[in-house]
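Here's the structure we're looking at; comments come further down.
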Amino acid sequence: MSFLTLKGKVKRGRKQGRKLGFATINIVVPRFIKKKDWGIYFSLIKIGDKFYPGITHLGPPKTFSLRKATCETHLLTLSDNLYGKPVEKRLLFKFREVEKFDKISQLKKQVRKDVKAAREFFGI
């Protein structure tokens, strides 16, 4: 199975995910990432020696009119404070492209759908 692997220490973000009700862990986007890699992924996040299922946004947060790519993951089964901890993000399957939503309510609705799809994908 081929997938993208991204490594880094969890850094503080803009807290937009938390405000939407979907807290995320963020790492710096590695230089090897290209525009073609941008998307929303089902992902496995390695923290220490354990893996946790998640949903990862890789690319610019277009709804917030930002152009710089971010790598933000909402963990489905863990909500610990992970700032400064090293993580490995394995992006398993891109299931949709990054989109710009006209309203925050539309974004929240889509994220709820994405989380539901991820829970089904992982069987949780």
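The values are calculated or read from the model by the stated rules, or taken from the named source; none is laboratory data. Model, not experiment: these values are computed from the prediction. Positions of Cβ are backbone-derived with ideal geometry, glycine not excepted, and every protein chain shown enters the neighbour counts.
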Q | Criterion violated by GLU88 - all others in (1) over 13 Å from the mean Cα position of the chain (by Cα); (2) surrounded by fewer than 17 Cβ atoms within 10 Å (Cβ to Cβ); (3) at pLDDT 95 or above satisfied | A | (1)
Q) Which of the residues spanning segment 1-52 are in contact with a helix residue (DSSP H, G or I) (Cβ under 8 Å, 6 or more places away or on another chain) and either buried (at least 21 other Cβ atoms within 10 Å of the Cβ) or under 10 Å from LYS89 (Cα atoms) (or both)? A) LEU4, THR24, ILE40, PHE42
**Q.** Enumeration of residues in segment 1-31 that are assigned to a strand (DSSP E or B) and touching a Gly at 6+ places or on another chain (Cβ under 9 Å)
**A.** LYS9, LYS11, ILE25, ASN26, ILE27
Q | Number of positions in segment 77-101 that are in contact (Cβ under 8 Å) with a residue 40 or more places away in the chain and over 19 Å from ARG119 (Cα atoms) | A | 8
Q: Go through the residues of segment 77-98 one by one and say whether even a single one is touching a helix residue (DSSP H, G or I) at 6+ places or on another chain (Cβ under 6 Å), outside any strand (DSSP E or B) and more than 27 Å from LYS9 (Cβ to Cβ).
A: no
Q | Of residues in segment 32-60 being in a strand (DSSP E or B) and of a type in the set (A, V, I, L, M, F, W, C), the one nearest to THR70 (Cα to Cα) | A | LEU58
Q | Condition broken by GLN110, with the remaining ones in (1) in a strand (DSSP E or B); (2) closer than 14 Å to PHE22 by Cβ; (3) of a type outside the set (A, V, I, L, M); (4) modelled with pLDDT under 95 satisfied | A | (1)
Q.
When you scan segment 102-111, do you find a residue that is in contact (Cβ under 8 Å) with a residue 60 or more places away in the chain, surrounded by fewer than 18 Cβ atoms within 10 Å (Cβ to Cβ) and not acidic (Asp, Glu), even just one?
A. yes
